[in-house]
């Protein structure tokens, strides 16, 4: 028999933990976990905390999910090996509309709004020789955790900006990413460019952790075609469910790999 351990998770850990520990207090770690848990419960119950139904596809309301679960609420086999989910990070919409190189790369590098596969990058080039690339910096981390740090531990957010961008540390200051009212500006100059070589987290509007949770949760719904046969094609499933973008590399794969 295998090594079984059926139990609940104590909390949902912050990104990178424990290999990367941002020093959150127990209360802050719990607060982050509750945020993740809230998104999951929203999908499961299909009802907002105020009682309003969760919007579904094609003008309908979502129905509760009995097959999707919140690991901090429902015990499960925690020793299961996670399933790797992979997809091509280059934006498929850009590739489809621009089949020839180097045009597709020019378009993909023209703005972070084009980089919609939960992977974004910024390229720093040599001013004296634009063909020479000094560095390419990637990120696949959603923006939500950074908003949470800004609210609960702003000094840590500032420290991460400077420590993870050593080339630009001397030029960085907190007023670059905190607005006049003290709120965090995710699309600040150090995190919204494809040409600075600096980047912290995803900013393309569709690239969010909550969106991935939504796709994974709704992807647990079993659907059948007109003949009663269970649909397994990931593109057909995402079209049938009416969420995500079937022409992306990522959305159908997130759905298919839940």
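Miscellaneous remarks
- Check on residue 108, in contact with a helix residue (DSSP H, G or I) (Cβ under 8 Å, 6 or more places away or on another chain), crowded, with 17+ Cβ neighbours inside 10 Å, under 30 Å from residue 33 (Cβ atoms) and modelled with pLDDT of 95 or more: no
- Residue among 43, 77 that alone is farther than 30 Å from residue 136 by Cβ and in contact with a strand residue (DSSP E or B) (Cβ under 7 Å, 6 or more places away or on another chain): 77
- Region 156-176 - residue that is part of a helix (DSSP H, G or I) and in contact (Cβ under 8 Å) with a residue 24 or more places away in the chain and, of those, nearest to residue 145 (Cα to Cα): 157
- Number of residues in region 15-25 that are farther than 13 Å from residue 153 by Cα and either surrounded by 17 or more Cβ atoms within 10 Å (Cβ to Cβ) or modelled with pLDDT of 95 or more (or both) equals 0.
- So residue 216, is it in contact with a helix residue (DSSP H, G or I) (Cβ under 9 Å, 6 or more places away or on another chain), in a helix (DSSP H, G or I), modelled with pLDDT under 95 and buried (at least 18 other Cβ atoms within 10 Å of the Cβ): yes
- The residues of region 220-255 that are without any contact (Cβ under 8 Å) to a residue 60 or more places away in the chain, within 21 Å of residue 82 (Cα to Cα) and either within 16 Å of the chain's Cα centre (by Cα) or part of a helix (DSSP H, G or I) (or both), listed by number, are 234, 251, 252, 255.
The values are calculated or read from the model by the stated rules, or taken from the named source; none is laboratory data. Note that the structure is a prediction, hence the values are computed from the model and not measured. Don't worry about glycine lacking a Cβ; one is built from the backbone with ideal geometry, like all the others, and counts go over all protein chains shown.
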